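The values are calculated or read from the model by the stated rules, or taken from the named source; none is laboratory data. Keep in mind that what you see is a predicted model, and the values were worked out from it rather than measured. Ideal geometry is used to build each Cβ from the backbone, glycine not excepted, and the neighbour counts take in all protein chains shown. Protein only, heavy atoms only, side chains kept; ligands, DNA and RNA dropped before computing areas. Shrake-Rupley method; radii C 1.70, N 1.55, O 1.52, S 1.80 Å.
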Amino acid sequence: METTFLKSILDNDFYKFTMQHAVIKLFPKAKVRYGFINRGKHIFPPGFADLLRRSVDAMADLKLTKNEKRYLAKFCPYLDPTYLDFLQGYNFDPSEVQITQEGSEIKVTIEGFWYRTILWEVPLMALISELFYKANLLIRLNDEAIKSVTKDKIDNYNTLGFSILEFGTRRRHSYDVHVLINETLQSFGSQSFIGTSNVHFAMVNNIRPLGTHAHEWFMFHAAQYGFKMANSISLEHWTQVYGGDLGIALTDTYTTDVFFEQFDKKYSKLFDGVRHDSGDPIEFAQKVISHYEKMGIDPKSKVIVFSDSLNYDKVKLITDFCKDKIKMSFGIGTNFTNDVGLPPMNMVIKLTEVKLDNTHWQGVVKLSDEKNKNTGTPEMIDLAKEVLGIK
């Protein structure tokens, strides 16, 4: 079986690099653990762990090139030159990733300093996905069919008149399909397509990468400062590092209702908008609009980035409701990069534990607006709900 190799260290979501930059500044001694969650109960064939091991080991050879460094310096001026120097000297350390297989189940865990291990999650999931289809000898649509499907989608999105982003690295079918998708979106999406969260493909297209931060930023802060303070201190630290740049705040790590209790006028004015990642999007939009109005802020001056399992019908429903009320953009992931005639994988890699200076390992929790997206031990989830007053 052919092993899959990544072609660039930048073949990753942008928010992994922005968070890495912030972690180096603020939490250089923190250690973390991540775990793979097979939500779709996918059956892995014999020898899959060995295939994945070889692909992971090969990532040690990835290096930031001089051209890639120049690209980041030009398009991401808020990343410190010292960080770019660090990234140029960075190597993936495969010993940070443990992979085992029992029958048809695989176990993947990551452990090490947060500032190093933070880059593993997205490319590791992309490798698992691509290898899964190869190892099971599953045949996708041909290139022309994939381009045709993607062109039809972006033609439809063009008619809506709102910004479309490609967010599909982690559960893509394969690197080759990802290439086809971005080429097609660039060719036919001039009225709506504004770019990708994948830094490598953003560089290929000579555009800036898109993204801010992820749930793990807030989950770590909850372990460090407590559930009640997690949102506000997370936002404060983000503004310390980035000022007014990268100003889209993620709302649902401890439910949107709790987030807006702490999203005061300072942060509501400073951040350009918020990202929706779980729960009913119309209900979410109503809450966001009401929040800004309560703060005396014109909602039409702010933006919601919707990014939860989107397709055209869902986007059309959202735009019909939000039009002329608040600005919108849409981050579309798997529906772009893994709509190839095969069932897409349903999997995640999540932060599970953190270890601060001279302390023990502590479990972390995420309380999504959708209960089936909660992560953490039942005991920690119950504790978080009790502290935050969540029924």
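Of all residues in the stretch 31-81, which are among the hydroxyl-bearing types (Ser, Thr, Tyr), open to solvent by less than 60 Å² (accessible area, probe 1.4 Å) and outside any helix (DSSP H, G or I)?
Selection gives Tyr34, Tyr78.
When restricted to residues that are open to solvent by 20 Å² or more (accessible area, probe 1.4 Å) and modelled with pLDDT of 95 or more, the stretch 262-276 contains 7.
Put simply, of Ile304, Ile332, Ile318 the only residue that is more than 17 Å from Thr196 (Cα to Cα), open to solvent by less than 50 Å² (accessible area, probe 1.4 Å) and aliphatic (A, V, I, L, M) is Ile318. A Cβ distance below 6 Å, combined with a sequence gap of six or more or placement on separate chains, defines the contacts here; from the stretch 205-228, residues that are within 12 Å of Leu351 (Cα to Cα) reach residues that are part of a loop (DSSP other than H, G, I, E, B) in the pairs His215/Thr253; Phe218/Thr253; Met219/Val364; Ala223/Val364.
For the stretch 287-391, no strands (runs of 3 or more DSSP E) sit wholly inside it while including 3 or more residues that are free of Cβ contacts under 8 Å to residues at least 60 places away in the same chain and of a type in the set (Val, Ile, Thr). Just wondering, is there one or more residues in the stretch 86-97 that are modelled with pLDDT of 95 or more, in a helix (DSSP H, G or I) and in contact with a strand residue (DSSP E or B) (Cβ under 8 Å, 6 or more places away or on another chain)? Yes, the stretch 86-97 contains at least one residue that is modelled with pLDDT of 95 or more, in a helix (DSSP H, G or I) and in contact with a strand residue (DSSP E or B) (Cβ under 8 Å, 6 or more places away or on another chain). Note on the stretch 82-103: among residues that are free of Cβ contacts under 8 Å to residues at least 12 places away in the same chain and over 15 Å from Phe17 (Cβ atoms), the one that is surrounded by the most Cβ atoms within 10 Å (Cβ to Cβ) is Ser95. For the stretch 111-200, the helices (runs of 4 or more DSSP H) that sit wholly inside it and include 2 or more residues that are open to solvent by 40 Å² or more (accessible area, probe 1.4 Å) and touching a helix residue (DSSP H, G or I) at 6+ places or on another chain (Cβ under 9 Å) are 114-117, 143-160, 175-188.
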